[in-house]
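In what follows, a structure is listed as structure tokens, so that the remarks can point back to it.
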Amino acid sequence: MTIEQTEPETVTVPVATFADMREANALLRRRDRDARDLVATHIAEGLASREKDRWLAAIKLSKALDEAHCSVDNLVDNWLEDHGWEPRSAYKTPASLTPSDDPWSPKPDITADIPEPVRRIVVERIADMLLDRQDDWHAEQARRLTFALKNEGADLTGDIEKRITELTLGRDPSDPPF
């Protein structure tokens, strides 16, 4: 055996300098900060969206990040405060997501959250009150109740109109009976 066969050839590998490592570390920290900012903004926009599914997804993502020890709650709270939202109420329910400094902001639409039996009873009573020709007081109270519900995000005017049409003209023959 010759010497070339027993000893492997040495290869020179450049060693990273301390400055290179510091630069790589700074780059990774910037990328981590930017990613955390993007995720926090996404969660905050989901909480502020007033869309129930999007709000639920934001809550789930926030909880999953907390469980993975990657909390971005402070960044989310800062975004919400910067955009006029109360952070504590944003996590409670999508219906309470109204900007704290804007009293004229539109209310979230909660019409779909009203159970069908309750909606049917309220619509029937309001329609009966509006059609009552013996007493104008009942019609005025029905209008007040309808607009108060609409102001709070429960718009039943379409259902009331449909019920009044059914009471006065009968069922629409083009509507299926089921």
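Please treat every number below as a calculation from the coordinates, not as lab data. Remember, predicted model here, so these are calculated numbers, not experimental data.
Within the same chain, lysines fewer than 8 places from Lys150 are excluded, and of the rest, those with a Cα less than 28 Å from its Cα are Lys52, Lys92, Lys107, Lys162.
Please work out whether the stretch 127-178 counts as rounded, prolate or oblate from its C-alpha gyration tensor, where a ≥ b ≥ c are the square roots of the eigenvalues and a/c under 1.5 means rounded, while otherwise a/b larger than b/c means prolate and anything else oblate? In terms of gyration-tensor shape, oblate.
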